[in-house]
């Protein structure tokens, strides 16, 4: 598989190194001379010095035969331009962009970028897992379908405590998939009764997350 990584900072360098070790054909585009030379010295002839936003550099890199382009520069606008040009001008099947500002995720999705990675969201999800009383932990986002899997703890003060699932008015875009109770994993049905401190795993539309949080938080 031919993978082009645009951005030769720490993220781009370590990503390229792992991909090379896995046997992929990799090229890193980096406009900074010092970084480009450091990549070449460490990884061999996998570095191309140039501006990854320019069509001429993309053509020189053989973008038209790339299977994946990964834009990991420190600038969200550059990453968006790189991915869009790769897909629309060079026909790259799959584009992945690093997002530094999570607020830009929606616009990337609307403009056809296949996948985004937000380091802020990744770190936040780990922090959430360490906070016992945090209402929502994000497990998996299915961006194309606008849904996500989340985990939430049922507060002892929540109105759902002691109620059967079928009697709880969950948001219309929310489905309870599993309940973790102490060491037991329960696949619930309408008769399942919610208890304080149950860990609920739900599939929910993103716009319904806040309503679910308020319902379970009490």
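No lab work stands behind these numbers, since they all come straight from the coordinates. Everything quoted here is computed from the prediction, not taken from an experiment. Cβ sites come from the backbone with ideal geometry, for glycine too, and all protein chains shown count toward neighbours.
Subtracting the Cα-Cα distance of residue 167 and residue 106 from 0.36 nm times their residue separation leaves 18.5 nm of extension gain.
Using the Cβ-Cβ distance between residue 67 and residue 217 with R0 set to 45 Å, the FRET efficiency from 1/(1 + (r/R0)^6) comes to roughly 0.55.
For segment 1-43, the Kirkwood radius over C-alpha pairs fed into Stokes-Einstein at 37 °C and 0.692 mPa s yields D = 325 µm² per second. Computed from Cα atoms, the angle from the helix 76-88 axis to the main principal axis of the chain rounds to 70 degrees.
Label zone of residue 34 (point 7 Å out along Cα→Cβ, amide N under 15 Å): in segment 1-22 this covers 8-10.
Once the Cβ-Cβ distance of residue 45 and residue 75 is raised to the sixth power relative to R0 = 22 Å, the FRET efficiency obtained is 0.25. Taking a point 7 Å out from the Cα of residue 159 in the direction of its Cβ, the residues of segment 179-218 whose backbone N falls within less than 14 Å of it are 211-218.
Maximal additional length on extending the residue 189-residue 22 stretch stands at 55.7 nm, based on 0.36 nm per residue less the C-alpha distance. Using alpha carbons only, how many degrees (0 to 90, rounded to 10) separate the axis of helix 33-43 from the longest principal axis of the chain? Value to nearest ten degrees: 80.
Extending 7 Å from the Cα toward the beta-carbon at both residue 177 and residue 10 defines two label points whose distance is 3.2 nm. Per residue, the average separation of C-alpha pairs within less than 8 Å and at least 6 apart gives the chain a relative contact order of 14 percent.
Please work out the ratio of the alpha-carbon Rg of the chain to 2.2 N^0.38 Å and round it to two decimals.
Relative to the 2.2 N^0.38 Å estimate, the chain comes out at 1.30.
As a calculated quantity, the FRET efficiency between residue 146 and residue 59 at R0 = 35 Å, using C-beta atoms, amounts to about 0.50. Per the Kirkwood formula applied to alpha carbons, segment 131-217 shows a radius of gyration over Rh ratio, Rg over Rh, of 0.93.
Sort 11-22, 177-188 by the packing proxy (mean of other Cβ within 10 Å over each peptide's residues), most packed first.
11-22, 177-188
The alpha-carbon atoms of segment 1-120 define a convex hull whose volume equals 88 cubic angstrom per residue.
If you fit an axis through the alpha-carbon atoms of helix 119-129 and take the longest principal axis of the Cα set of the chain, what angle between them do you get, 0 to 90°, nearest 10? That works out to roughly 30 degrees.
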